[in-house]
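See below for the structure under consideration.
The values are calculated or read from the model by the stated rules, or taken from the named source; none is laboratory data. Remember, it's a predicted structure, so these values are computed and weren't measured experimentally. Please note: Cβ atoms are built from the backbone with ideal geometry, for glycine as well, and neighbour counts cover all protein chains shown. With ligands, DNA and RNA removed, areas are computed over all heavy atoms of the protein, side chains included. Shrake-Rupley method; radii C 1.70, N 1.55, O 1.52, S 1.80 Å.
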Amino acid sequence: MIRKILLILTLFLFAQGNEIELSGTVISDNEKVITSRNMGFIKNVYVVEGSFVKKGQLLYEIDSSSIDSKKQEALLNLEIQQNKLDNIQTNYNRYKRLYAQDLVPKYDVEQLELNLLNVKNMISIAKAKLKEVNALYDYSKIKAPNNGLIIKKSIKAGEMALPSVPALILSDLGSLKIKTEISENNLNSVKLGQEVKVNIPSIKLKTLGKVSAIIPNINSMTHSFTLKISFNAQDKKVYPGMYSKLYLLLEEEK
């Protein structure tokens, strides 16, 4: 009986010895940096850090007064080209009638046909320019690309928005994972899809996860590799930045 108890205890200790505890941090695997496409003064900011937003929701708006003048210019150019078209079309119709009566040379009719074609092309260009200017209005209204949480705001109303300069960071709460580091000595004992026990103490969540990514870029200072763990949140409110404990059973090398 005593031998049986000792055997069970030995097996238990051996199993415990193969399980390692890691510290991790909850991250969003779909974090987006929101920037402006065009330069301009920020008119309004409609979110703060911690705001939950939905896809298509207006985040901030850039003053469009500079676009207004471009639109007026594009409309005026389109009107000018349209007037030219009307004038040439009238002359062309008249010359066709005169040519039918052999009162004007064919060359004059052909020149008007050519002018007519050129002006129609100019109208197409003017319409494309107007469409391009109208698109600038959409670019001045920056909207959320997906549902998520604003975790950083680097802009204020009245400041200048600059292309490619981060304005907001949007974290997708539907793509949460846990990021941790593992020693290179244990790396060969970890496999993709391997089960992991997950504990997030702050919200008393104990659940299961799986190794979803093993990132081979070694950290030269700590000689560790990065693991990403997907997990079941069990309808708990989990946010990026939360501390977690991970229990990983190392597989024996064959």
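Of note:
- Segment 69-182 shape via C-alpha gyration tensor axes, a/c threshold 1.5: prolate
- Rounded if a/c under 1.5, otherwise prolate or oblate - segment 157-227, Cα gyration tensor axes: oblate
- Partners for LYS127 among aspartates and glutamates (Cα-Cα distance below 15 Å; same-chain residues under 8 apart left out): GLU73, GLU79
- Most mobile of GLN81, GLN72, GLN101 in a GNM of the chain (Cα contacts under 10 Å): GLN101
- Inter-probe distance in nm under a simple model that places probes 7 Å from Cα toward Cβ, at ARG37 and LEU208: 4.6 nm
- Probe 1.4 Å, protein heavy atoms only - accessible area per residue of the chain in square angstrom: 65 Å²
- Most to least accessible of TYR92, TYR247, TYR139 (protein chains only, probe 1.4 Å): TYR139, TYR247, TYR92
- Stretch gain in nm, segment GLU73-ASN188, where the contour uses 0.36 nm per residue and the Cα spacing is subtracted: 34.8 nm
- Modelled FRET efficiency - R0 35 Å, ILE20 with PHE52, Cβ distances, 0.05 increments: 0.45
- For segment 31-81, the fraction of 1.4 Å probe accessible surface lying on carbon and sulfur atoms is 52 percent.
- Rounded Å value of the spacing that divides the Cα centres of segment 158-186 and segment 14-87: 16 Å
- Residues with amide H under 5 Å from that of TYR60, placed H, sequence gap 5 or more: TYR46, ILE142
- Applying both filters, DSSP loop and at most 14 other Cβ atoms within 10 Å, to the GluC sites (Glu not before Pro) of segment 195-254 gives GLU251, GLU252, GLU253.
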